[in-house]
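Encoded as structure tokens, the structure appears first; notes follow it.
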Amino acid sequence: MIVLDRKSPKLLIIIYLMAFFISGIGIANMKTAFETEIWMRIVTKRFGDIEVDENSIFRFPKGIIGYENHTKFALVKKEEYEPLYWLISIEGEELSIPILPPKIIDSKYDKKLKQFEILRIHTLNGECCLFCVVNLRKSGNGVTINLRSPIILDTNSKIGQQLIVDSDFLPINQPVSKISENAV
């Protein structure tokens, strides 16, 4: 595995050229062959140094509510925090947002959103994954999930968006009972 960061484009070009001349594959195939091999190193407060596949990076043109200045996040899953996933900002400042697929909490969540045609609109052009932000407070309501503001990740375009559903029947602080103790 080759570890690259965004500051080493010359090394990436050298690798592409070496692969091209050694294997004789075309430029288009060479780029595809190397796409899954490119990794970024991110330093985080919660996880320390981690390496993420560049294919796990999503761009949020409008940011995420409360973090509008952060537009690039890596989707990370750590075994010790299952079933949580994390959106980790790759733009400097320490920001790790815990998220969950809402079906873990409410198996009919997708059907509830279809009433608002949100999923139909956002899944026309690609395959999407649906997540909701988790609040890991140690006191008060404990661990909760915001079902009213889902995050949609388009896995083809690598674009993410957080939506706000205008509905009183989707709670902002739905209690969650099945979260790893490591997460809190």
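The values are calculated or read from the model by the stated rules, or taken from the named source; none is laboratory data. The structure presented is a predicted model; accordingly, all values stated were derived computationally and were not measured. Because the Cβ atoms are built from the backbone with ideal geometry, glycine has one as well, and the counts that use them run over all protein chains shown.
Any idea which residue in region 170-184 is modelled with the highest pLDDT, counting only those that are of a type in the set (A, V, I, L, M, F, W, C) and over 11 Å from LEU113 (Cα atoms)?
Pass one, region 170-184, residues of a type in the set (A, V, I, L, M, F, W, C): 170, 172, 176, 179, 183-184.
If we keep only those that are over 11 Å from LEU113 (Cα atoms) too, we end up with 172, 176, 179, 183-184.
Values: ILE172: 89, VAL176: 85, ILE179: 55, ALA183: 49, VAL184: 45.
Ranking the candidates gives ILE172 first.
Under 6 Å between Cβ atoms, which residue pairs at least 6 apart in sequence (or on different chains) link something in region 149-161 that is closer than 18 Å to ILE97 by Cα and touching a residue at least 60 places away in the same chain (Cβ under 8 Å) with a partner that is β-branched (Val, Ile, Thr) and part of a loop (DSSP other than H, G, I, E, B)?
Short answer, once both residue conditions are applied: SER149/ILE164.
Need pairs with beta-carbon distance below 9 Å; first residue touching a residue at least 60 places away in the same chain (Cβ under 8 Å) and within region 68-81, second part of a loop (DSSP other than H, G, I, E, B) and exposed (fewer than 15 other Cβ atoms within 10 Å of the Cβ); sequence gap 6+ or separate chains.
Partner pairs satisfying both residue conditions: PHE73/GLU91; GLU80/SER180; GLU80/ASN182; TYR81/SER180; TYR81/ASN182.
Could you tell me which numbered condition MET1 fails, if it satisfies all but one of (1) modelled with pLDDT of 90 or more; (2) of a type outside the set (Gly, Ala, Ser); (3) over 25 Å from ILE159 (Cα atoms)?
MET1 satisfies every listed condition except (1).
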